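Structure, as structure tokens:
The values are calculated or read from the model by the stated rules, or taken from the named source; none is laboratory data. Model, not experiment: these values are computed from the prediction. Ideal geometry is used to build each Cβ from the backbone, glycine not excepted, and the neighbour counts take in all protein chains shown. Only protein heavy atoms, including side chains, enter the accessible area calculation; ligands, DNA and RNA are left aside. Shrake-Rupley method; radii C 1.70, N 1.55, O 1.52, S 1.80 Å.
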Amino acid sequence: MSAAPEPASSTHHGLPSALSPATLAVAAGRPPRVQGGPVNPPVVLSSTYVSQGEVPPGQLFYARAGTETWHPFEEALGALERSVHPALVFGSGMAAIAAAMSLVPPGGRIVLPRHAYNVATSYAQDLGRRSQVTTTFVDVADTEAVLAAVRGKGAPGGTPASMLWIESPTNPMLEVADVPALVAGAHAAGALVAVDNTFATPLGQRPLGWGADVVVHSVTKYLAGHSDVVLGAALTDDPELHARLHGYRTLHGAIAGPTEVWLALRGLRTLALRVERSQTNAAELARRLVDHPAVAAVRHPGLPDDPGHARAAASMDGFGSIVGLRPLGGAAGADAVVAAVRLWVPATSLGGVESSLERRRRFPGEPTSVPEDLLRLSVGIEDVEDLWADLSAALVHAQGAGEPRTS
Ligand SMILES: *Cc1c(COP(=O)(O)O)cnc(C)c1O
């Protein structure tokens with residue numbers, strides 16, 4: 001052990017360096033190893049802390065500003081994203097997204113993927129109505145078009161954007177961006193870059209390592225992984241941005257409950273196993289769906305002829321476990337599949353241990369460029385043969401829709 005004290009912001013807490021992400025998910029954010037001490041952090045339920053006089057930086061004093069129950073999760077996620085500072089946990093993914101978008105100055109412009117998570121794009125448009133922030137929507141897979149928009153093409157006065165928002169793969173269209181090229185090009189134009197890393201998880205890609213300024217997560221999804229909490233997180237390597245995001249969280253009160261954060265850390269411990277299994281399942285189902293007679297189109301970055309395949313293979317570890325499926329029969333055909341499954345859960349959200357599916361255009365906020373018949377499948381960790389049997393029977397049944405499924 002080195003005698004030098006750990007810097008206060010270290011996310012590695014005395015762990016050997018160069019541990020793999022699968023190991024960090026298990027080992028990071030543990031309490032100090034003391035004889036008789038617990039291996040898991042406790043949940044501390046206290047809204048306030050004993051304090052008087054001036055509060056030194058880092059000392060707990062009131063739970064909206066920070067609690068010790070957040071820190072282990074923040075440390076573990078920071079270790080996984082290899083960030084300089086620990087993550088900042090928020091009350092939801094949207095709270096983290098709102099914090100990141102608050103870095104755009106009034107009158108600034110955000111360039112966003114047209115198929116980014118639809119509540120994030122709605123929020124950016126809402127900011128526009130309230131604070132003169134303008135938005136430009138792009139096809140995030142088209143690097144040249146994205147960078148032209150960042151530099152000012154099509155913007156009033158041709159002014160460069162303040163922020164490039166990246167989601168890759170996108171929700172729900174699964175477009176894959178060239179994140180390193182976008183970060184470099186956007187920085188050259190003077191824009192901040194924020195990446196929503198929910199779909200890829202830090203096991204799939206670590207955008208801070210490519211120079212992104214901010215990474216956000218819907219912890220609700222893969223990181224927590226059990227569809228039992230709503231949580232978010234933001235990360236940055238920049239001390240000034242870290243202070244601004246932290247300040248936003250405290251001022252807006254966009255905070256998480258301690259029990260939820262504890263549950264998220266418990267879920268995070270199995271992230272590597274869950275992601276590995278669900279990705280293997282998704283790859284197998286995507287392969288089989290391509291040849292299914294009741295299927296019009298399949299999108300999954302792991303399919304060799306998928307438009308995002310080469311880029312994902314070059315820059316990501318794994319292809320994720322979301323599959324885009326367009327059954328025959330249009331929106332009605334897709335609805336009939338959702339109605340006919342028995343094992344798959346008809347529900348929104350994704351990244352849980354259970355497989356789920358939904359037709360995205362059922363939400364009026366979904367862009368009309370998302371096909372009406374697109375089902376977003378979130379593949380879980382069940383036995384792949386059971387998933388296939390249920391889905392393929394539902395696809396066949398939906399072709400002759402009307403009768404409830406009997407077999
Ligand atoms: C679900 C989701 C969000 C929103 O997160 P919440 O935790 O639901 O607030 C943001 N981005 C992506 C990609 C998501 O899938």
Query raised in the report: What percentages, rounded to whole numbers, describe P(r) for region 1-149 computed over all alpha carbon pairs with 5 Å bin width beginning at zero?
Result: 2, 7, 12, 14, 14, 13, 12, 11, 8, 4, 2, 0
Report task. Please work out the FRET efficiency for the pair ASP238 and ARG405, using the Cβ-Cβ distance as r and a Förster radius of 60 Å; give the result to the nearest 0.05. Result -> 0.65
**Report entry** Value of relative contact order over the chain, rounded to a whole percent, pairs C-alpha under 8 Å and six or more apart
**Finding:** 15 percent
Report summary line: Taking Cα pairs closer than 8 Å and at least 6 residues apart, the relative contact order of region 175-245 in percent is 25 percent
Query - Quotient of C-alpha Rg and 2.2 N^0.38 Å, computed over region 274-407 - result: 1.00
Report task. Enter the angle in degrees (range 0 to 90, nearest 10) between the Cα long axis of helix 330-340 and the first principal axis of the Cα atoms of the chain, meaning the one along which they spread out most. Result -> 70 degrees
Requested in this report: Please express the Cα-Cα pair-distance distribution P(r) of the chain as a list of whole percents, one per 20 Å bin, running from 0 to the bin with the greatest distance.
Outcome: 27, 55, 17, 1
Query raised in the report: Where the centre of each part is set by its Cα atoms, how far does region 70-137 sit from region 142-171, in angstrom?
Result: 16 Å
Report summary line: So, relative contact order of region 28-117 in percent, Cα under 8 Å, 6 or more apart, is 21 percent
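Once the Cβ-Cβ distance between LEU19 and VAL55 is put in as r, and R0 is 35 Å, what FRET efficiency do you end up with, to the nearest 0.05?
Numbers: r = 34 Å, r/R0 = 0.98.
The formula returns an efficiency of 0.55 here.
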Report task. Pull up the DSSP beta bridges for region 13-268 and report the antiparallel fraction as a percent, rounded to 5. Result -> 35 percent
Report summary line: Spelling it out for TYR117: with amide H atoms placed in the peptide plane at 1.01 Å from N, the residues 5 or more places away or on another chain with amide H under 5 Å from its amide H are ASN171
Report summary line: Taking protein heavy atoms only, a 1.4 Å probe, and rounding to whole percent, the accessible area of the chain owed to carbon and sulfur comes out at 57 percent
Query raised in the report: So what is the accessible area of the chain per residue, in Å², with the probe set to 1.4 Å?
Result: 42 Å²
Report task. Using a Förster distance of 30 angstrom, determine the FRET efficiency expected from the C-beta separation of SER46 and VAL84, and round it to 0.05. Result -> 0.55
**Report entry** Helix 384-399 axis, angle to the chain major axis (alpha carbon atoms, nearest 10°)
**Finding:** 50 degrees
